[in-house]
Amino acid sequence: MSIPDYQTAMLPLLRLAADGKEYRSRDAIECLAQDFALTDEERSEMLPSGTAPLFDNRVGWARTYLKQAGLLTSPKRGVFQITERGKALLAKGPAQINVSTLEQFDEFRAFRERRRDTAAENNAAVPRQAEQESSATQTPEDQLAFAYGRLRSELEFDLLEQVKSVTPVFFERLVIDLLVGMGYGGSRQDAGRAIGKSGDGGIDGIIKEDKLGLDVIYVQAKRWEGTVGRPEIQKFAGALQGQRASKGVFITTSTYSREAVEFANLINTKIILIDGQQLAAMMIDHNVGVSTIGMYELKKIDTDYFEGE
């Protein structure tokens, strides 16, 4: 048979996990390859970019979509497990699971909305059709932009999940790498001596605003799960006032309440709030914790070259 698409792989993948055990992604790929009776030639077929086997990539996307819909969970890196929601869906005896099936879950709809927003933020004129629609309605550039937005959104999600699992010490080092990568803090060595050493009234560290150190920025880094409320921002603002500081950055892996955002915008002290989604996006933009696996070049005819014909 031909290599199944990622939607076709969804139901077999969820059935594989139906026993409630933890499965490694690599083992699941091997099991599904046997279930689909793929040949060695089909197993070795690569993506056009040459970065990964085509079947492995499609199973990976099936796992991603099931996870975004809350049908699978990842107890640790490279491992997945079925959820109660996943078991409940299987109990209904579905003939297939596809994107339309997953649309019934709020988390999945929110995921797709985030993906579309990411594409739009990158100036991509991406139509808001579902993946099933004919590509005839999209230009090749639209399709590339849509695919990039989808990959970017998923990478941000996975990256944030990874950041939430690191130790507090590693998170401090991550913050250092990001701020230095953005041009703050002078050298990494300077920043490393400052971050995590202050411990003064709600301030986690001090970092130079520029390489000359003409001004400093006070940093608060919180690896939280719950929403950061106004009291925490007030505490940070008070600590800044105690240091006669005018600039601060509050970084969290979580989100901020509306009251916290409003308070930060009202006070005279300049406090920048960076939530988990922004943190992941900045890490990608500045190549912190990510690596490039492939590049595509879009080319057009050089009309200047042919003008002298």
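The values are calculated or read from the model by the stated rules, or taken from the named source; none is laboratory data. Because the structure is predicted, anything quoted here is derived from the model rather than measured. Counting neighbours? That spans all protein chains shown, and the Cβs are built from the backbone with ideal geometry, glycine included.
In segment 58-78, the residue that is modelled with the highest pLDDT out of those that are over 14 Å from Phe157 (Cα atoms) and surrounded by fewer than 16 Cβ atoms within 10 Å (Cβ to Cβ) is Pro75. For first residues located in segment 286-309 and small (Gly, Ala, Ser), partners that are in a loop (DSSP other than H, G, I, E, B) and lie 6+ apart or on another chain with Cβ distances below 8 Å form the pairs Gly294/Ser49; Gly294/Gly50; Gly294/Thr51. Residues of segment 20-38 that are without any contact (Cβ under 8 Å) to a residue 40 or more places away in the chain and either surrounded by 12 or more Cβ atoms within 10 Å (Cβ to Cβ) or assigned to a helix (DSSP H, G or I) (or both): Asp27, Ile29, Glu30, Cys31, Leu32, Ala33, Gln34, Asp35, Phe36, Leu38. For segment 210-231, a tally of residues being touching a Lys or Arg at 6+ places or on another chain (Cβ under 8 Å) and acidic (Asp, Glu) returns 2. Considering only residues in segment 225-234 that are exposed (fewer than 14 other Cβ atoms within 10 Å of the Cβ) and not small (Gly, Ala, Ser), the one that is nearest to Asn268 (Cα to Cα) turns out to be Pro231. Per the listing Thr269, Thr292, Thr227, the residue uniquely touching a strand residue (DSSP E or B) at 6+ places or on another chain (Cβ under 9 Å) and at pLDDT below 90 is Thr269.
For (1) within 25 Å of Gln162 (Cα to Cα); (2) at pLDDT 85 or above; (3) part of a strand (DSSP E or B); (4) in the same structural domain as Ile176 (by TED's automatic domain parsing), each residue gets a yes or a no:
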| site | (1), (2), (3), (4) |
| --- | --- |
| Ile203 | yes, no, no, yes |
| Gly213 | no, no, no, yes |
| Glu232 | yes, yes, no, yes |
| Phe236 | no, yes, no, yes |
| Ala239 | no, yes, no, yes |
| Ser254 | yes, yes, no, yes |
| Glu262 | no, yes, no, yes |
| Asn265 | no, yes, no, yes |
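Per the conditions (1) under 28 Å from Leu144 (Cα atoms); (2) assigned to a helix (DSSP H, G or I), the sole criterion not satisfied by Asp5 is (2).
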